[in-house]
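FYI, it's all coordinate maths here, none of it is from the lab. Predicted model only: the values in this text are computed from it and were never measured. Methodologically, a virtual Cβ is constructed for each residue, glycine included, from the backbone with ideal geometry; neighbour enumeration extends over all protein chains shown.
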Amino acid sequence: MLSNTKMMMRGLKVVTHTIMGWEMPIINHDRFILEEKIIPYFVNNEEFRKVLFVGCGSYTKHYEKWFKRQEYWTIDINPMKKIYGAKRHIVGSISDLNVYFQKNYLDLIICNGVFGWGLNERDEVEKAFAACFDSLQKDGVIIIGWDDLPERKPFPLETCESLSKFQPYFFPPLSTTKYENSEDEGEPHRYNFYVKRV
């Protein structure tokens, strides 16, 4: 019963914050890395002008104001998530980016908490990351944030053939091409950085 009460309270808080336009960030280590290391680097880098954020929630709504100098897009397959999206929001699948963007259009794609959280079938994952490759221009970057847990890892990400088109991208603020969150032991979150070189 307590969990139902907590869920209802969370739902009420989300609705209230959404109506009032208040931010509702998630406070944990992997969000800290995303919001304090990853996003600021790209916000302040003029080479990344056209940005797509994949997946929306009450905790991502405020990202649009951070990317106010960029052409910022969001996409989510769930029509109900539109209220958390950007002004330039797409109700659709990441697998169909070719429908929404011409080839070589985007500079940056941030895909956090999608692989293993809805994007699960290998064919769909392959199609999705192939579409990302086509949509990114040369030297465009894709960041994939994912949970390295058996129930949230449909298959090893490194075996994804469509990602082999990319090269690892060295992300200066973290001095790595792959970041593993070791702070939250029960929930290891990773960020993989890739770049399109051709």
Taking a ≥ b ≥ c as the square roots of the Cα gyration tensor eigenvalues, with a/c under 1.5 meaning rounded and otherwise prolate when a/b beats b/c or oblate if not, the range 79-166 comes out oblate
In the range 104-194, the chymotrypsin sites (Phe, Trp or Tyr not before Pro) that sit in a DSSP loop and have at most 14 other Cβ atoms within 10 Å of their own Cβ are Trp117, Phe170
Restricting to lysines and to Cα separations under 28 Å from Lys82, and discarding same-chain partners fewer than 8 apart, the set is Lys6, Lys13, Lys37, Lys50, Lys61, Lys65, Lys68, Lys103, Lys127, Lys153
Net charge (Lys, Arg +1; Asp, Glu -1) of residues whose beta-carbon lies under 14 Å from that of Ile144, Ile144 excluded, is 0
